[in-house]
Amino acid sequence: MDLLFYNLKLRCYVVIELKTGDFKPEYAGKLNFYLTAVDNILKTEQDAPTIGLLLCKSKDDLIAEYALQDINKPIGVSEYRITDDILEKFRQQLPSIEDIKNRMGNTY
């Protein structure tokens, strides 16, 4: 499991799996395993069922639909996209490597 959150409004845990490649059907089974584990170990009677989100570089809608068809837990599959605009905004807000070295006194 890559990320685990608790949504206060929905009153449930949210498990997020991040994949750097294309969607594969076995990812759905692995995420389903994580959801079951969180429901059995962390979830209380007051909590709603855990939600799973699988983020992949790309996906084929038909393959994702078949992979999730008989899974009874709330799971979503989506693609992510990184753009240079976002990266440039982060670069402008983050210190440079030189700034970090100067602040640390080159101790590493």
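The values are calculated or read from the model by the stated rules, or taken from the named source; none is laboratory data. What you see is a predicted model; the values in this text were computed from it and never measured. Cβ atoms come from the backbone with ideal geometry, glycine included; neighbour counts cover every protein chain shown. In case anyone asks, the SASA skips ligands and DNA or RNA and just uses the protein heavy atoms, side chains included. Shrake-Rupley method; radii C 1.70, N 1.55, O 1.52, S 1.80 Å.
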**Complete:** Shape call for segment 11-52, from the Cα gyration tensor axes a ≥ b ≥ c (a/c under 1.5 means rounded, otherwise prolate when a/b beats b/c, else oblate), comes out prolate
**Selection from Ile100, Ala28, Ser78 lying farthest towards where the dipole of the chain points positive, charges on Cβ** = Ile100
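For Leu10, what is the net charge nearby, where nearby means another residue's Cβ is under 13 Å from its Cβ and Lys, Arg count +1, Asp, Glu -1? Let's see the in-between values first.
Values: positive: Lys9, Arg11, Lys43; negative: Asp47.
Within the 13 Å Cβ shell, the charges total +2.
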**Request:** Measure up Lys9/Lys59; Lys30/Lys59; Lys9/Lys89; Lys19/Lys101; Lys57/Lys89 against 25 Å on the Cα-Cα distance and list the ones that go over.
**Result:** Lys9/Lys59; Lys9/Lys89; Lys19/Lys101
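Give me the one-decimal Kirkwood hydrodynamic radius in Å for the chain, with the sum taken over alpha-carbon pairs. Spell out each step's value before the answer.
On the way: mean 1/r = 0.0612 Å⁻¹.
The Cα-based Kirkwood calculation yields 16.3 Å.
Before anything else, pin down the relative contact order of segment 20-87: Cα pairs under 8 Å, at least 6 apart, normalised by residue count, whole percent.
On the way: 76 pairs, mean separation 26.4, N = 68.
Here the relative contact order equals 39 percent.
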**Asked** Build a GNM of the chain with springs between Cα atoms under 10 Å: which of Asp22, Asp70, Asp61 gets the top mean-square fluctuation?
**Response** Asp70
**Item:** Accessible area (Å², 1.4 Å probe, nearest 10) - Tyr13
**Value:** 40
**Request:** Using a 1.4 Å probe and ignoring any ligands, DNA or RNA, find the accessible area of Glu65 and quote it in Å² to the nearest 10.
**Result:** 110
**Request:** Would you calculate the separation in nanometres between label points at Lys24 and Thr36, each defined as 7 Å from the Cα along the Cα-to-beta-carbon direction?
**Result:** 2.0
